[in-house]
1. Take B:ASP25, project a point 7 Å from its Cα along the Cβ direction, then tell me which residues of segment B:55-92 have their backbone nitrogen under 20 Å from it.
2. Could you list B:LEU111, A:LEU312, A:LEU343 in order of exposure, starting from the residue whose Cβ has the fewest other Cβ atoms within 10 Å?
3. To the nearest 500 deg cm²/dmol, what mean residue ellipticity at 222 nm is calculated for the protein assembly as shown from DSSP H runs of n ≥ 4 alone, each contributing -39,500 (n - 2.57), summed and divided by the residues?
4. How much FRET efficiency would the formula 1/(1 + (r/R0)^6) give for A:ASP225 and A:ARG264, where r is the Cβ-Cβ distance and R0 is 45 Å, rounded to 0.05?
5. Rank these for me by crowding, A:VAL16, A:VAL215, B:VAL83, going from fewest to most other beta carbons within 10 Å.
6. Calculate how steeply helix A:371-381 sits against the longest principal axis of the alpha-carbon atoms of chain A, using the helix alpha-carbon long axis, and give the answer as 0 to 90 degrees to the nearest 10.
7. Exposure proxy check: B:MET11, A:MET184, B:MET262 ranked by fewest other beta carbons within 10 Å?
8. By its C-alpha gyration tensor, with a ≥ b ≥ c as the square roots of the eigenvalues, how is segment B:7-116 shaped: rounded for a/c under 1.5, else prolate for a/b larger than b/c, else oblate?
Amino acid sequence: MDLRFTAEEEAFRLDVRAFIRENLDPVTHRKMVEGRIPDREEIVAWQRKLNTRNWATPSWPQSHGGPGFTPVQRYIFLDELHQAPAPEPVSFNVSMIGPVLIEYGTAAQQERFLAATANLDIWWAQGFSEPGAGSDLASLRTSARRDGDHYVVSGHKIWQGMAHHADWMFTLVRSDPQAPKKQMGISFLLIDLRLPGVTIRPIITLDERHEVNEVFLDEVRVPVDCLIGEENKGWDVTKFLLSNERTGIARIGMTKHLIRRIKRLAGGNRSVLAKAAALEAELKILEITQLRILDGQRRSSAADPRSSILKLKGVELRQAASELLLAAAGTSALEVRHDDAPLGDDDAEWLGTIMPNYGILRAASIYGGSSEVQKGILAKTQLGL
Amino acid sequence: MDLELSDDQRMLKESVDRLVAERYDLDQRRGYMSQPAGWSAEMWSAFADLGLTMLPFSEEQGGLGLGGVETMIVGEAFGRALVIEPYLPSVVLAGTAISHAGTPDQVAEWLPPIMSGETICALATEAAVTAERTGETWILDGAAKVVLGGDTAGQLVIPAGDDLFVLPADAAGLQRRGYRVHGGGGAADLTLIGVKLPEKNRLSGNGGCTRALEAGIAWLAAEAVGAMQAALDLTVEYLKTREQFGKPIAVNQSLQHRAAEMLVEVEQARSAAMYAALLCDEHDDHVRATGYAAVKAVIGKAGRFVAQNSVQLHGGIGVSEEHVISHYFRRLTAIGMLLGDTESQITRLAELGGFTTAAPHFD
């Protein structure tokens, strides 16, 4: 039994770190350090830099333009991005639709989309949730009616992260309202957001930022060659997408970055430092849990239900760190200062993002399977309850 | 990285698991507790026969030369069976202290009786003792409390000043008051008044004590995992079989979620125990110090959560002495408190600067 990384893995970590240091635009880096959200152009530029080494798509196989990372390399790569901190490659592209195209896409679809998806020439949005379909996703109502070579799609999607930056949206639609089970009548469609009938409206979240949107689809004519997999078999594709790519789901490196900020702000405040140490103790052990699950992935590529532990505990610690950062910053953090405020003096700790980020991080225990859903999964799959 | 057990480790696990499964159920355990020492000399011999009492010591020192993982395997099995024999005090704490701090001559004198199981040795971990040197003789004065295994030990290891001293339990000037400890096993409070020891009984330096405490934390972590997993398994089984309002209580989502939260803590504890087991080979003192502080902090918190909730989910029967869950509750509570509770470990980790510095990951 051995927890150590190999010399090659340690060298790889340094290689990733050096690449980030040399290639990440200083303004983008500064924004990430301060917890601001980089602009579209900054994110695109960074992903294209990563893509020069095939690193924009860490989980893709070499046969489809990925780097062929081992699970351990994927973890190290993401951990370095999180700790730097640097933007992750856009997850809708590389963790969600990319693997789906590789698994279910036709040769023509792969040819049309894969390279552009990796290079962020196409920015994808995720069109899953609806006002009436959150955790119970399969109850979605957006309809798709076949009309010749097109599906005519109408409905209301919600919580599309960064859809105002997006070109396309992968979308779940109800193509057979008569199906005996609600999971059976669903299809997986790719929708060009420039098509007539598409309207994107911002939703301003409690951090006073525009990150998410709702998308209205009004008789949008989607060509049938934009169907992924078989008609009415979209739920299988969805399950594949949701079980795919759980590496780094604990976001341990991001929490470490928050702890660095806490320590800078805490100065000699012993109470804050003790609370930070309590978080660090649990975070250190969660890192071991993460490695145990990675070790399992080396033996089997099947989805590991223990990933729910990483999500639950990872979010718990990240939320707790954001709360402690708020405490360390004190009332000065209450001043409203938006992300587009000019970058100031290099050494000054930017307090403007602390309250907004504390607030919006509450969403982390809601999206991607809420904490309650994760507990349900664990009770069922691990405890037989 | 490789987190699987080797074939040899699997065989060890099977034989230890079998031994406690056959000879350590709750009734048998009650029988062992009622013996004069408060534990079973026969079981102790069985552990020695299996080689467990010599397991962690190097072959040079006459041991089996096995490491932290093997000790973890034994600890987990002992935790599940709630073993009360003094393995932690004698082998893990006192044995590690002597093996790390002793000269070859001292190790040759004190360690073999521990490895054979014929002598029970105990290490004072909460001691305030001074040592004055007069010629070739050391004179010890002071007190030690809650010396685990101290009630039945024939030999004691006591930190005084900058060193450790080995003394027989019947040394002149040593008084001890032995007692049972909640959660199983025994301990003693010691008073030392002018206890005279020759120079050869002094183990130089305190490094042995630090190593012993670290080994103790690794052991407690493993024991906690065994106890927590057993408590969780019993609780899940109970949820599935206990009926109220005409249905198994497992149909209640609040109880399912509580059990899932317990699972998360058990898995965290398991990670902590594995980390602790592998950390004993680490050469960097700071890495070991921060690592063991984190391990014990997490074990204490996770153990308390699982202990409290396994009683809660068992309902009334959970608070009865008769039911094994109440024994897991007490042992996990004791484990959390021994060798530094969560709060003191967190304070220590903070003093050591934690794992992450205030400096950026890179400039």
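The numbers here are math on the coordinates, done by the rules we state, and not lab data. Only a predicted model underlies this, so the values are computations on that prediction, with no experimental measurement involved. For neighbour counting, all protein chains shown are included, and Cβ atoms are generated from backbone atoms with ideal geometry for every residue, glycine included.
1. Within reach of a label on B:ASP25, which here means backbone N under 20 Å from a point 7 Å along Cα→Cβ, segment B:55-92 contributes B:77-85.
2. Going from least to most buried by this count: A:LEU343, B:LEU111, A:LEU312.
3. -15500 deg cm²/dmol
4. Approximately 0.30, to the nearest 0.05.
5. Fewest to most other Cβ atoms nearby, the residues stand as A:VAL16, A:VAL215, B:VAL83.
6. 70 degrees
7. B:MET11, A:MET184, B:MET262
8. Cα axes put segment B:7-116 in the oblate bin.
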